[in-house]
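As structure tokens, the structure follows; a few thoughts come after it.
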Amino acid sequence: MYSHHTHSGDYSQHGYSPLNDMVERASQLNFKTFCLTEHMPRLSAQYLYPEEIHSEDAEDDVARLLEDWEKFVEHARRIQLQHKDDPLKIIVGAESESCDTEQIEYCKSLQERYSHTVKFFVGSVHHVNGIPIDFDSSNWNRALESCGNNLLQLITRYYETQYEMLQLLKPKIVGHFDLYKLHLPEDLKVDTESGQVTTAPAGRHVKDNEIFDLWPSLEQLVLRNLQFISDYGGILEVNTSALRKGLQEPYPGLRICQLNQLHGNGKFVLSDDSHSVDQVGTHYGEAIAFLRDTVKLSQLHYLQLEGPEEDQLVERTVPITEIISQFEHI
């Protein structure tokens, strides 16, 4: 079992379980690789989430984010050393924040500073025009408004931000590739030519799996991003938190998985994006069945540390047929 993207209640305001408990749960489930990847701190107070505001001076809250992240790096390293001789291997990474160009550069500088411990990025996009799209429906709608109430423009902006992040960070793992679909309203009607939100009778409800057929320009953006990921050696995560949150497919969905097979490098790793012990490994059986039966994938990739000091990050493969039975009881 493997997860390349996890959080904890110790260092994430929307996490629940202590970091030590998260690792203990992974050990109980016989995980082989468990990556600790807390969010990197944001540089500007304007990108603080409501749950992160504790002081009258927002700059104090920004400073606290950095302090907490530095504590995470130290804590994660201690856990890693404690499990050095165990079947469970701990890898310390970090999930990037891509609010704007300055923030992306800040993430890069922090990783370079702590590269002795932090071995890779989960490269993620959580914001469109500086507004979080995964926090709640209200903020997703604010992001839509910032794009002129045009769904095509929102998704275009999402993939353009992702491309900027990919170019600057070249993250080993690309997180929840199509996160914009999380709060896509079922009752949203748009003009299918322009993408503009409308209440007109001619407008139609748009489902996530129809988006690329309606707007081929979006598929071209996805292809560009996938090809760039392939060129520098990145890997897409199959993130089961989408299933946990009620979506029909993981991140990314079938269409993007197929495009990655046909035009990218075809590589995928598995992640649960867990924030509590009860989320570790959740929906893995469903995700593996999706990859095997629908995507027609024969193997998954995973990361591990090798070398005399076990400090060299490498990728390995495992046949799906070898691991499917491990997930059936989760």
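In table form, for the structure just shown:
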{"item": "Some residue of the range 51-68 being exposed (fewer than 15 other Cβ atoms within 10 Å of the Cβ), out of contact with any strand residue (DSSP E or B) (no Cβ under 8 Å at 6 or more places or on another chain) and touching a residue at least 24 places away in the same chain (Cβ under 8 Å)", "result": "yes"}
{"item": "Test for Val174: is it within 16 Å of Gly123 (Cα to Cα) and surrounded by 20 or more Cβ atoms within 10 Å (Cβ to Cβ)", "result": "yes"}
{"item": "Matching entry among Leu168, Leu184, Leu154 (being closer than 30 Å to Ser3 by Cα, part of a loop (DSSP other than H, G, I, E, B) and of a type in the set (A, V, I, L, M))", "result": "Leu184"}
{"item": "Qualifying residue in the range 201-213 (condition: part of a loop (DSSP other than H, G, I, E, B) and at pLDDT 90 or above)", "result": "no"}
{"item": "Inter-residue pairs, beta-carbon under 9 Å, first farther than 18 Å from Asp293 by Cβ and in the range 312-329, second part of a helix (DSSP H, G or I) and modelled with pLDDT under 95, 6+ apart", "result": "His329/Gly285"}
{"item": "Filter pass, Glu286 being acidic (Asp, Glu) and under 16 Å from the mean Cα position of the chain (by Cα)", "result": "no"}
{"item": "Single residue of Ser12, Ser17 found to be crowded, with 17+ Cβ neighbours inside 10 Å and under 23 Å from Val128 (Cα atoms)", "result": "Ser12"}
{"item": "Some residue of the range 149-163 being crowded, with 20+ Cβ neighbours inside 10 Å and closer than 14 Å to Phe121 by Cα", "result": "yes"}
{"item": "Considering residues of the range 69-99 that are out of contact with any Ser or Thr (no Cβ under 9 Å at 6 or more places or on another chain) and either under 30 Å from Arg157 (Cβ atoms) or basic (Lys, Arg) (or both) only, the residue surrounded by the fewest Cβ atoms within 10 Å (Cβ to Cβ)", "result": "Lys84"}
{"item": "Residue satisfying all of: in the range 215-262; among the β-branched types (Val, Ile, Thr) and assigned to a strand (DSSP E or B); surrounded by the most Cβ atoms within 10 Å (Cβ to Cβ) among these", "result": "Val238"}
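For (1) assigned to a helix (DSSP H, G or I); (2) under 19 Å from the mean Cα position of the chain (by Cα); (3) at pLDDT 95 or above, each residue gets a yes or a no:
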residue: Leu43; (1), (2), (3): no, no, no
residue: Gln46; (1), (2), (3): yes, no, no
residue: Asp60; (1), (2), (3): yes, no, no
residue: Asp68; (1), (2), (3): yes, no, no
residue: Arg78; (1), (2), (3): yes, no, yes
residue: Asp86; (1), (2), (3): no, no, no
residue: Ile90; (1), (2), (3): no, yes, yes
residue: Glu97; (1), (2), (3): no, yes, no
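The values are calculated or read from the model by the stated rules, or taken from the named source; none is laboratory data. Just so you know, these numbers come straight off a predicted model, no measurement behind them. Note: ideal-geometry Cβ built from the backbone for every residue, glycine included; neighbour counts use all protein chains shown.
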